[in-house]
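Chemist: Here it is, the structure in full.
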Amino acid sequence: MPRKNIYFKDKIDREIEDILEIERQKGASNAENNYSSVVNELVRLGLMVYKSKDETNSFDLEGYRRDVIKKVSGSREGVMLLTALITEMYVSMKGPGYSKTVDELLDSHITAITDAEDAAESHHFVMDEN
């Protein structure tokens with residue numbers, strides 16, 4: 001590791017010492033928490049910020065939203081398929097004397113899922129009042 005002699009302003013030096021003190025209070029040992037390691041980490045983070053300031057915003061919010069919607073809708077469809085399969089297995093396991101049909105039971109399960117989604121939506125999200 002190269003050794004460099006650099007000078008800090010007093011204010012920066014105090015802030016680095018404060019960081020060291022906070023880490024010591026959290027239980028870090030002197031071997032894992034020293035002036036050199038803290039300055040090295042601060043310089044690394046500073047270089048990341050410096051390099052990223054010239055780049056355009058690389059986070060694609062629209063793409064992220066599209067991916068989330070795609071994953072959520074796929075998950076919901078998967079839940080519906082599993083519900084249908086388990087309902088069919090349940091009815092066939094009960095045998096011919098079972099009073100409900102697959103369609104009746106499946107309809108009640110899907111209605112329960114939809115009601116739970118609506119309840120969660122009204123509880124967790126602000127609804128537009130038209």
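Just so it is clear, none of the values below were taken in a lab; they were calculated from the coordinates. For clarity, every value in this text was computed on a predicted model and none was experimentally measured. A quick note on method: Cβ atoms are made from the backbone with ideal geometry, for glycine too, and the neighbour counts reach across all protein chains shown.
Chemist: Grab the Cα-Cα distance for I86 and L61, subtract it from 0.36 nm times how many residues apart they are, and report the gain in nm with one decimal.
Modeler: 5.3 nm
Chemist: Mind grabbing the base-10 log of I(q)/I(0) for region 61-124 at q = 0.14, 0.15 Å⁻¹? Debye formula, identical points on the C-alpha positions, no solvent, two decimal places.
Modeler: Computed log10 I(q)/I(0) values: -0.55, -0.61.
Chemist: Could you size up the charge dipole of the chain around its Cα centre, putting +1 on the beta carbon of Lys and Arg and -1 on that of Asp and Glu, and report it in debye to the nearest 20?
Modeler: It comes to approximately 840 debye.
Chemist: Could you tell me which residue out of S37, M48, I12 lies farthest along the dipole of region 10-52 toward its positive end? Charges go on the beta carbon: Lys and Arg +1, Asp and Glu -1, centred on the Cα centre.
Modeler: M48
Chemist: With 28 Å as the limit, write out which pairs from K51/K71; K11/K53; K4/K51; K11/K51; K26/K53 have Cα-Cα distances beyond it, or answer none.
Modeler: Violating the 28 Å Cα-Cα cut-off are K51/K71; K26/K53.
Chemist: Tell me what the chain gives for mean residue ellipticity at 222 nm when only DSSP H runs of n ≥ 4 count, each as -39,500 (n - 2.57), the sum divided by the residue total, rounded to 500 deg cm²/dmol.
Modeler: The helix contribution divided over the chain gives -24500 deg cm²/dmol.
Chemist: How many Å³ per residue does the convex hull of the Cα positions in the chain occupy?
Modeler: Per residue, the Cα convex hull of the chain comes to 323 Å³.
Chemist: Find how much the distance from A119 to E15 grows on full extension, using 0.36 nm per residue of separation minus their present alpha carbon separation; answer in nm with one decimal.
Modeler: Net length gain for the segment: 32.5 nm.
Chemist: A further question follows. Report relative contact order for the chain in percent, whole number only (criteria: Cα-Cα under 8 Å, sequence separation at least 6).
Modeler: Computed value for the chain: 13 percent relative contact order.
Chemist: Here is a further query. Work out which chymotrypsin sites (Phe, Trp or Tyr not before Pro) in the chain are exposed loop sites (DSSP not H, G, I, E or B, at most 14 other Cβ within 10 Å) and give the longest gap free of them.
Modeler: Counting at most 14 other Cβ atoms within 10 Å as exposed, the longest clean stretch of the chain is 9-58.
Chemist: Report the label-to-label distance for T111 and K4 in nanometres (one decimal), using points 7 Å from each Cα along the Cα→Cβ vector.
Modeler: For T111 paired with K4, the spin-label model returns 7.0 nm.
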